[in-house]
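The values are calculated or read from the model by the stated rules, or taken from the named source; none is laboratory data. If you're wondering where the values come from, they're calculated on a predicted model, not measured in any experiment. With ideal geometry, Cβ positions are generated from the backbone for all residues, glycine too; neighbour counts draw on all protein chains shown. Quick note on the areas: whole protein, heavy atoms, side chains included, nothing else; ligands and nucleic acids left out. Shrake-Rupley method; radii C 1.70, N 1.55, O 1.52, S 1.80 Å.
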Amino acid sequence: MKPVFLARMRACTACRLCEQRTQVVVGTGDESARLIILGEAPGRTEDEGGEPFRGRSGRLLFELLAEIGVTREDCFITNVVKCRPPKNRTPTKSEIESCRPWWEQQLSYFRASIVLTLGNTATQTVVGHREPMSGSHGNPVAIHGHVIVPTYHPAAALRGGNSVVAVMREDLDVVARLMKERA
Ligand code: URA
């Protein structure tokens, strides 16, 4: 990311989440990767450490991604909302919309053509529909030159157990196939 863009994002005060954040979690990884991963919003660990998906759900996510040969270094990972909502609540519509320009610009600057969206907030924000995850997961959608693959948020898999993990594995197989086709 260009230093000017990064500095603007880090200083963002477009919504009130700026009042309680430790820092803006801009995202990490390879900006020239084929795969970008979009979650919902940073939690406490991410707010304190400055990197997305460093807590329990991140560990599960990267265990599953390792099965298709993807490491943290092979993708760029970020969230549709860059600042932690208090008590990890779901971001509001207005917070989500305030943050939209940041991830939209990241998508347009980076080389990634495959976007894995994690959970309803990220998926509905990017794809623009209200379909529940049970209907949309694993079905690629073409938007603005990117292929979006929705799957469950790993926090849902931590709550929902092996059946959700099994579905995520199938969805990640779709990602692996698309990455091969687009290599
Ligand atoms: N959950 C998210 O959606 N994003 C993070 O960065 C961490 C947990």
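Here the Karplus curve 6.51 cos²θ - 1.76 cosθ + 1.60, taken at θ = phi - 60°, turns the phi angles of the range 88-102 into couplings of 6, 5, 5, x, 7, 4, 6, 5, 4, 5, 4, 8, 3, x, 5 Hz, with x standing for Gly and Pro.
Each of Ser32 and Thr13 was given a label point 7 Å from its Cα along the Cα-to-Cβ line. The distance between the two points is 3.8 nm. Could you look at the range 1-109 and say what percent of its accessible area is carbon and sulfur, using a 1.4 Å probe and all protein chains? Summing carbon and sulfur atoms, their accessible area is 48 percent of the total for the range 1-109.
With protein chains left intact and a 1.4 Å probe, residues in the chain average 48 Å² of accessible area per residue. Under 19 Å from a point 7 Å along the Cα-to-Cβ line of Gln23: which residues of the range 73-93 have their amide N that close? Backbone N within reach: 73, 76-86.
Result for the chain in a Gaussian network model with C-alpha springs under 10 Å: among Leu116, Leu35, Leu65, the largest mean-square fluctuation is at Leu65. Seen from all directions on average, the chain presents a Cα convex hull projection of 9.4 nm².
Ordering Ser57, Val175, Thr71 by the projection of their Cα atoms onto the charge dipole of the range 3-181, which places +1 on the Cβ of Lys and Arg and -1 on the Cβ of Asp and Glu, puts Ser57 at the extreme positive end.
The angle between the Cα long axis of helix 162-181 and the main principal axis of the chain comes to about 90°, on a 0 to 90 degree scale. When only the Cβ of Lys, Arg, Asp and Glu is charged (+1, +1, -1, -1), the dipole of the range 3-181 relative to its Cα centre reaches about 500 debye. Divide the volume of the convex hull around the Cα atoms of the range 36-117 by the residue count and you get 94 Å³ per residue.
Within the chain, antiparallel bridges make up roughly 25 percent of the DSSP beta bridges whose residues both belong there. A simple spin-label model places the labels of Arg182 and Arg89 3.5 nm from each other, with each point 7 Å out along Cα-to-Cβ.
The residue among Thr125, Val147, Ala14 whose Cα reaches farthest toward the positive pole of the charge dipole of the chain, with charges on the beta-carbon of Lys, Arg, Asp and Glu, is Ala14.
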